[in-house]
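All remarks here apply to the structure that follows.
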Amino acid sequence: MNKRYSAQKMMIENSLRKLNHPTATEIYEDIRKDYPNISLGTVYRNLGAMAEAGEILRIPMGDAPDRFDINIHEHLHVLCTECGNAFDSESDDLEDILEQVDRLLEQSTGVRIESRVMIFKGICTDCRNMSE
Ligand SMILES: [Zn+2]
Ligand SMILES: [Zn+2]
């Protein structure tokens, strides 16, 4: 791994810590404030490599651009459709339930479940309070 790659990775990790589950474009906009020479392609390439290596989490958003997470612990995401914020849910109970769901799916389809793509959507507390 060369030095240049590490420096870019470090900038991306800083952005990921600062922003709430950002998209590649949001990370790019953030880094560009300090390093105007960085390209969106470079950010994409690094994010792809980091996700591939398991250093960060890629969150598929279906019809919206993927988001990225510095927290690689297995957890669920809940998205507010009003403000666009993503919320983490880490719960052992949920993990148990999901494993049961995996087993039921395996029984009904014969497919051995290896990963899940799940995103929950709703309206967060702040947005609910604002509309009251
Ligand atoms: Zn909200
Ligand atoms: Zn997360």
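The values are calculated or read from the model by the stated rules, or taken from the named source; none is laboratory data. Quick caveat, the model's predicted, so the values are computed rather than measured. Cβ placement follows ideal geometry from the backbone for every residue including glycine, while neighbour counts extend to all protein chains displayed.
Residues in segment 9-55 that are touching a Pro at 6+ places or on another chain (Cβ under 8 Å), touching a residue at least 24 places away in the same chain (Cβ under 8 Å) and part of a helix (DSSP H, G or I): Leu16, Ala24, Thr25. Scanning segment 34-82 for residues that are within 17 Å of Ser115 (Cα to Cα) and exposed (fewer than 11 other Cβ atoms within 10 Å of the Cβ) returns Glu52, Ala53, Gly54, Gly62, His73.
The lone criterion from (1) hydroxyl-bearing (Ser, Thr, Tyr); (2) modelled with pLDDT of 90 or more; (3) over 30 Å from Glu132 (Cα atoms) left unmet by Tyr5 is number (2). Looking at segment 84-99, which of its residues are of a type outside the set (Ser, Thr, Tyr) and not in a strand (DSSP E or B)? Selection gives Gly84, Asn85, Glu90, Asp92, Asp93, Leu94, Glu95, Asp96, Ile97, Leu98, Glu99.
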